[in-house]
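Scroll down for the structure; my scribbles are underneath it.
The values are calculated or read from the model by the stated rules, or taken from the named source; none is laboratory data. Please read these numbers as outputs of a predicted model, since none were measured by experiment. Heads up, the Cβs are rebuilt from the backbone with ideal geometry, glycines too, and the neighbour counts pull from every protein chain shown. Surface areas here come from the heavy atoms of the whole protein model, side chains and all, with no ligands, DNA or RNA. Shrake-Rupley method; radii C 1.70, N 1.55, O 1.52, S 1.80 Å.
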Amino acid sequence: MATLIRSKLSNKLSNAATTVSNKSQAKVSGMFARMGFQAATNEEAVGFVACDDLDYDHRQGMQMDILTTDEMGGEGSGGAGGLDGDSHYQRGGTDPANSDSKDGGLANELTEVKPKITTWEAGWNVTNAIQGMFVLGLPYAILHGGYLGLFLIIFAAVVCCYTGKILIACLYEENEDGQLVRVRESYVDIANACCAPRFPNIGGHIVNVAQIIELVMTCILYVVVSGNLMYNSFPNMPISQKSWAIIATVALLPCAFLKNLKAVSKFSLLCTMAHFVINVLVIAYCLSRARHWAWDKVKFYIDVKKFPISIGIIVFSYTSQIFLPSLEGNMSKPSEFHCMMNWTHIAACILKGLFALVAYLTWADTTKEVITDNLPSTIRAVVNLFLVAKALLSYPLPFFAAVEVFEKSFFNEGEHTMFPNCYGINRRLKSWGLSLRCLLVVFTLLMAIYVPHFALLMGLTGSLTGAGLCFLLPSLFHLRLLWRKLLWHHVFFDVAIFVIGGICSISGFIHSTEGLIEAYQYNIEE
């Protein structure tokens, strides 16, 4: 008996040591989350980066719970072992029946190191995702939509808040006791579950493609806005907007060498605070011009050709659904997720609506795609330089996330991918893998050069992937997985959101594409 006990303890200690070593990186991420740095990495669907670290840590914790449950059940803990088999899916999932045992104490010590984030930290993550620098394009949306544009800002907030909640509901199923247990971990898991059993992986591929498109388009937008801001800050310099974009891209080439985001994440909170100060400065200037506000310019009309583009701009500014599953999974109190979503989207709706309206009232028909370009030259250069610094420091986040999705989807050995592993011994990136990363940076530059239109690109991205990830897929998945348990009004809301989202997505995509083609032809003629 003594020999048996010693062998089991030895196995546990070796397994625990391996797991703890694998969790070291996730623990650092958790430290950043508690300090507020993690939150700032999630901007305009850039939350995929934080999602990877949070999801990795959560899965490691799940593995420790499974290890504990399996081993305790194997030691003859009676019928409780079988009943507690699903406990690792639940929040705070430790086995109360075995918590007093010596073996349970060892496992509990190891599971306690999992970093959890508070409701306020989760709200900070969501706020950064939906209150980033792309709100600078919202006044341009009011230019083409008037009061209907303001209504759309409110409507998009309500819908995105609702679809975020139903997306989290798709992570859970009832067990035999009627309790909700978490059986899925990510957006991809939900998509795969909806397409099973005939096509068990096609849903995940669709979500991954949408994720890659949105991340790469976000990188392109950062290059476009950097070139635009520098050109308008120094109009007298003999440097074109395309040249400024090339200069910005040269500064971004080191992103290809990134192994992780620890070196970048420490600047994220500073960037977010700088952006907050910039918004305050813009609003302060607009308020100083309150006596000249053009209330008569805000009307109940829409520009039929350009308003669908505005829809994409507004939807893109609310995208956060893709990282919500991992965020909710790492909250210390997941029961407060709905409340957190309510106050973050209410705050975003109020701030975005006021910012867009006040800025449009100040400049009216002369409102530009990036609102800071309307500022007087005396302060425009300073504000724009801060924004360029923020854009350049934000670029590595979506870039690294896109690279990880590419590598896991196409270059991950042992995962049935179509290409060989891009990593060698000791996880060293191979030379051809580095070349592919550099090509991705160059691709974002080429797109920014040939289509240097911030509003059109933002509208296209919002119509294509933003509407899909925020409107269409959550409502479709909710109906597919939970339709037997839904009340009639939930079914009505889901169908209505799917139809409205589909119409907005198609119309916005068509008009944005037409605008991009016209702009490209104009650039060729020049």
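Miscellaneous remarks
- Pairs linking a residue in segment 310-327 that is more than 23 Å from ALA356 (Cα to Cα) and in contact (Cβ under 8 Å) with a residue 40 or more places away in the chain to a residue that is in a helix (DSSP H, G or I) and of a type in the set (Asp, Glu), with Cβ atoms under 6 Å and 6 or more positions apart or on different chains, are SER326/ASP55.
- Test for PHE492: is it open to solvent by less than 20 Å² (accessible area, probe 1.4 Å) and aromatic (Phe, Trp, Tyr): no
- Yes/no for THR127 being within 20 Å of the chain's Cα centre (by Cα), at pLDDT below 85, in a helix (DSSP H, G or I) and of a type in the set (Val, Ile, Thr): yes
- One residue from LEU393, LEU375 being at pLDDT 85 or above and surrounded by 14 or more Cβ atoms within 10 Å (Cβ to Cβ): LEU375
- Close pairs from segment 223-235: first over 10 Å from ALA248 (Cα atoms) and assigned to a helix (DSSP H, G or I), partner open to solvent by less than 10 Å² (accessible area, probe 1.4 Å) and of a type in the set (S, T, N, Q), Cβ under 8 Å, at least 6 apart: LEU229/THR372; LEU229/ASN384; ASN232/ASN384; SER233/ASN384
- Contact map, segment 504-515: residues that are farther than 9 Å from GLY312 by Cα paired with residues that are of a type in the set (A, V, I, L, M), Cβ distance under 7 Å, separation 6+ or inter-chain. Pairs shown: HIS511/ILE309; THR513/LEU460; GLY515/ILE309; GLY515/LEU456.
- Candidates ASP296, ASP303 - the one that is free of Cβ contacts under 8 Å to residues at least 24 places away in the same chain and either within 17 Å of LYS165 (Cβ to Cβ) or acidic (Asp, Glu) (or both): ASP296
- Residue in segment 166-173 that is in a helix (DSSP H, G or I), without any contact (Cβ under 8 Å) to a residue 24 or more places away in the chain and surrounded by 17 or more Cβ atoms within 10 Å (Cβ to Cβ) present: no
- Every residue from segment 174-230 that is closer than 27 Å to ALA256 by Cα and of a type in the set (Asp, Glu): GLU214
- Residue match in segment 342-354 (condition: basic (Lys, Arg) and open to solvent by less than 10 Å² (accessible area, probe 1.4 Å)): yes
- Qualifying residue in segment 149-160 (condition: surrounded by fewer than 21 Cβ atoms within 10 Å (Cβ to Cβ), in contact (Cβ under 8 Å) with a residue 60 or more places away in the chain and of a type outside the set (A, V, I, L, M)): no
- Candidates TYR162, TYR231: the one that is closer than 19 Å to GLU328 by Cα and of a type outside the set (Val, Ile, Thr) is TYR162.
- Residue that is nearest to ASN192 (Cα to Cα) [pool: residues in segment 462-489 that are part of a helix (DSSP H, G or I) and without any contact (Cβ under 8 Å) to a residue 12 or more places away in the chain]: TRP483
- Count of residues meeting criterion [assigned to a helix (DSSP H, G or I) and either over 18 Å from PRO474 (Cβ atoms) or open to solvent by 20 Å² or more (accessible area, probe 1.4 Å) (or both)] in segment 183-209: 10
- Subset of segment 286-317 (residues that are within 30 Å of SER505 (Cβ to Cβ), of a type outside the set (Val, Ile, Thr) and surrounded by fewer than 21 Cβ atoms within 10 Å (Cβ to Cβ)): LYS297, LYS299, PHE300, TYR301, ASP303, LYS305, LYS306
- In the condition set (1) at pLDDT 85 or above; (2) more than 23 Å from GLN321 (Cβ to Cβ), VAL451 is compliant with all but (1).
- Wholly enclosed helices (runs of 4 or more DSSP H) of segment 245-348 bearing at least 3 residues at pLDDT 85 or above and within 30 Å of GLY227 (Cα to Cα): 268-288, 307-316
- Condition check for ASN426: over 26 Å from the mean Cα position of the chain (by Cα), farther than 30 Å from VAL126 by Cβ, part of a helix (DSSP H, G or I) and modelled with pLDDT under 90: yes
- Test: residue in segment 460-482 that is among the aromatic types (Phe, Trp, Tyr) and open to solvent by 30 Å² or more (accessible area, probe 1.4 Å): no
- Residue count, segment 236-263 (criterion: open to solvent by less than 50 Å² (accessible area, probe 1.4 Å), without any contact (Cβ under 8 Å) to a residue 60 or more places away in the chain and not polar (S, T, N, Q)): 2
- Within segment 357-370, residues that are in contact (Cβ under 8 Å) with a residue 24 or more places away in the chain have Cβ atoms under 6 Å from residues that are aliphatic (A, V, I, L, M) and surrounded by 20 or more Cβ atoms within 10 Å (Cβ to Cβ) in these pairs: ALA359/ILE371; TYR360/ILE142; THR367/LEU143; GLU369/ALA455; VAL370/LEU136, counting only partners at least 6 apart in sequence or on another chain.
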